[in-house]
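For reference, the structure discussed in these notes is given below.
The values are calculated or read from the model by the stated rules, or taken from the named source; none is laboratory data. These figures come from a predicted structure and were not determined experimentally. Note: ideal-geometry Cβ built from the backbone for every residue, glycine included; neighbour counts use all protein chains shown. Ligands, DNA and RNA are stripped out before the accessible areas are found, and what is left, the full protein with its side chains, is counted by its heavy atoms. Shrake-Rupley method; radii C 1.70, N 1.55, O 1.52, S 1.80 Å.
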Amino acid sequence: MEIETVGVVGAGQMGNGIAHVFALAGYGVLLTDISQESLDRGRQVIERNLDRQVSREKISAEDRDAALARIRTTLTLSDLGQTDLVIEAATERETVKTAIFEDLVPHLKPNTILTSNTSSISITRLASRTDRPEKFMGFHFMNPVPVMQLVELIRGIATDQETFDAMHRVVERLGKTAATAEDFPAFIVNRILMPMINEAVYTLYEGVGNVSSIDSAMKLGTNHPMGPLELADFIGLDTCLAIMNVLHDGLADTKYRPCPLLTKYVEAGWLGRKTKRGFYDYRGETPVPTR
Ligand SMILES: CC(=O)CC(=O)SCCNC(=O)CCNC(=O)[C@H](O)C(C)(C)COP(=O)(O)OP(=O)(O)OC[C@H]1O[C@@H](n2cnc3c(N)ncnc32)[C@H](O)[C@@H]1OP(=O)(O)O
Ligand SMILES: NC(=O)C1=CN([C@@H]2O[C@H](COP(=O)(O)OP(=O)(O)OC[C@H]3O[C@@H](n4cnc5c(N)ncnc54)[C@H](OP(=O)(O)O)[C@@H]3O)[C@@H](O)[C@H]2O)C=CC1
């Protein structure tokens with residue numbers, strides 16, 4: 001079955017980025033979230049990022065206008081039942097995701113492929129809560145979606161070859177590159193990246209360095225584009241903590257123990273850029289380290 005229309009659940013930083021790249025590639029996009037405010041904010045971010053691509057001559061003004069015209073929004077999850085592919089990109093919490101799938105499944109066409117952009121949660125377990133585990137996959141974009149080349153493709157135990165091949169073709173049409181990962185906690189990228197970020201938080205917690213010295217050491221010492229704490233703020237500290245908890249629970253190894261300082265930041269509601277405070281304070285002109 002050819003995929004022409006895509007439903008995206010969650011208009012946060014990943015959902016709006018996913019809607020953006022699908023619309024630019026010519027797909028019809030239906031974006032949903034739980035509040036009109038989130039949908040409006042998501043659309044504004046898409047417009048801003050498309051404008052940035054126009055000003056850097058990556059795309060034309062016509063491409064931008066055509067992409068925007070392909071994106072519709074709705075507060076009614078069941079409207080996504082008309083689409084050929086659904087990508088769930090809501091908050092990284094298993095109960096949130098399974099509730100979405102349970103509400104959505106009765107409205108889906110029989111051939112619709114169902115995917116999750118989860119950073120870490122078992123695809124097999126999410127699939128088992130739907131009526132179509134053979135048509136369910138992990139479809140993991142990287143942040144910021146319009147810029148990052150990679151999409152991880154993760155098969156659950158029941159995912160069929162036809163579904164995998166269809167999603168591989170979608171990645172190609174988006175102009176991105178797929179890497180295939182087996183369905184184990186946090187797959188490839190976050191299995192490697194998140195323990196590094198967690199270790200950076202331990203380095204801060206134990207006083208080995210402060211926020212600035214840790215980030216500049218890793219930027220200048222290992223040529224990373226962002227320091228690990230700056231990257232954690234960019235990803236969202238709630239998401240980082242959720243991924244560490246999945247690694248810790250799923251692999252039952254103390255080496256994945258989330259740093260208590262990461263937990264404290266999340267408890268404070270200091271979730272990084274999205275709440276304007278995390279390891280840096282973003283409320284002024286330039287980010288100021290909070291430790
Ligand atoms: C947690 C998970 O489950 C998985 C993950 O996603 S892990 C996180 C993975 N992501 C990373 O590691 C990102 C690391 N950071 C970077 O690569 C870079 O800092 C960055 C690309 C985000 C920004 O780069 P920068 O050089 O500091 O900024 P800037 O010059 O403004 O942007 C670089 C390019 O990206 C574009 N860009 C940046 N953000 C963009 C966005 N949201 N939308 C569209 N374009 C964007 C800019 O227009 C610019 O394009 P050109 O090079 O074509 O001119
Ligand atoms: N941040 C990152 O770098 C990456 C994240 N991911 C994954 O992508 C997913 C989304 O992350 P991200 O975009 O960063 O998170 P955000 O917090 O930016 O966005 C999540 C969005 O989902 C919405 N939401 C919550 N519950 C529901 C629901 N029941 N129905 C519809 N929408 C809902 C939230 O609304 P509200 O704000 O109102 O609660 C919010 O708008 C997660 O699974 C995450 O692990 C994958 C790759 C990279």
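Could you tell me whether E88 is within 19 Å of D33 (Cα to Cα) and within 14 Å of ligand 1 (Cβ to nearest atom)? When the stated conditions are applied, E88 passes them.
Residue-level analysis places D215 among those that are away from ligand 2 (no atom under 13 Å from the Cβ) and crowded, with 22+ Cβ neighbours inside 10 Å. Just checking, does region 217-235 include any residue being more than 20 Å from the chain's Cα centre (by Cα) and of a type in the set (D, E)? No - not one qualifying residue is present in region 217-235. Being of a type outside the set (G, A, S), open to solvent by 30 Å² or more (accessible area, probe 1.4 Å) and in contact (Cβ under 8 Å) with a residue 12 or more places away in the chain holds for only one residue in T263, T286, T275, and it is T263.
Restricted to region 22-36, and to residues that are over 22 Å from D238 (Cβ atoms), aliphatic (A, V, I, L, M) and open to solvent by less than 10 Å² (accessible area, probe 1.4 Å), which residue is nearest to ligand 1 (Cβ to nearest atom)? Taking the candidates together, the pick is A23.
For region 183-203, a residue qualifies if it is without any contact (Cβ under 8 Å) to a residue 60 or more places away in the chain, among the β-branched types (V, I, T) and touching a helix residue (DSSP H, G or I) at 6+ places or on another chain (Cβ under 9 Å), and the qualifying residues are I197, T203. Candidates in region 141-162 are the residues that are touching a Leu at 6+ places or on another chain (Cβ under 9 Å) and away from ligand 2 (no atom under 12 Å from the Cβ); of these, the one that is least open to solvent (accessible area, probe 1.4 Å) is G156.
In region 211-225, the residues that are more than 10 Å from A200 (Cβ to Cβ) reach residues that are not in a loop (DSSP other than H, G, I, E, B) with C-beta atoms within less than 8 angstrom, at least six apart or across chains, in these pairs: S212/P289; H224/M218; H224/L231; P225/K219. Among the residues of region 37-71, those identified as within 20 Å of the chain's Cα centre (by Cα) and more than 10 Å from ligand 1 (Cβ to nearest atom) are E37, S38, L39, D40, R41, G42, R43, Q44, E47, I71. Considering only residues that are away from ligand 2 (no atom under 16 Å from the Cβ), in a loop (DSSP other than H, G, I, E, B) and not acidic (D, E), look in region 1-16 and name the one that is surrounded by the most Cβ atoms within 10 Å (Cβ to Cβ). The selected residue is I3. Mind listing whichever residues of region 163-177 are surrounded by fewer than 18 Cβ atoms within 10 Å (Cβ to Cβ) and either β-branched (V, I, T) or not in a loop (DSSP other than H, G, I, E, B) (or both)? Scanning region 163-177 gives F164, D165, H168, R169, E172, R173, T177. Filtered by the rule that a residue be of a type in the set (S, T, N, Q), over 26 Å from F279 (Cα atoms) and not in a strand (DSSP E or B), region 178-219 gives no residues. For A19, the criteria (1) surrounded by 14 or more Cβ atoms within 10 Å (Cβ to Cβ); (2) in contact (Cβ under 8 Å) with a residue 12 or more places away in the chain; (3) within 14 Å of ligand 1 (Cβ to nearest atom); (4) over 18 Å from the mean Cα position of the chain (by Cα) hold in every case but one, which is (4).
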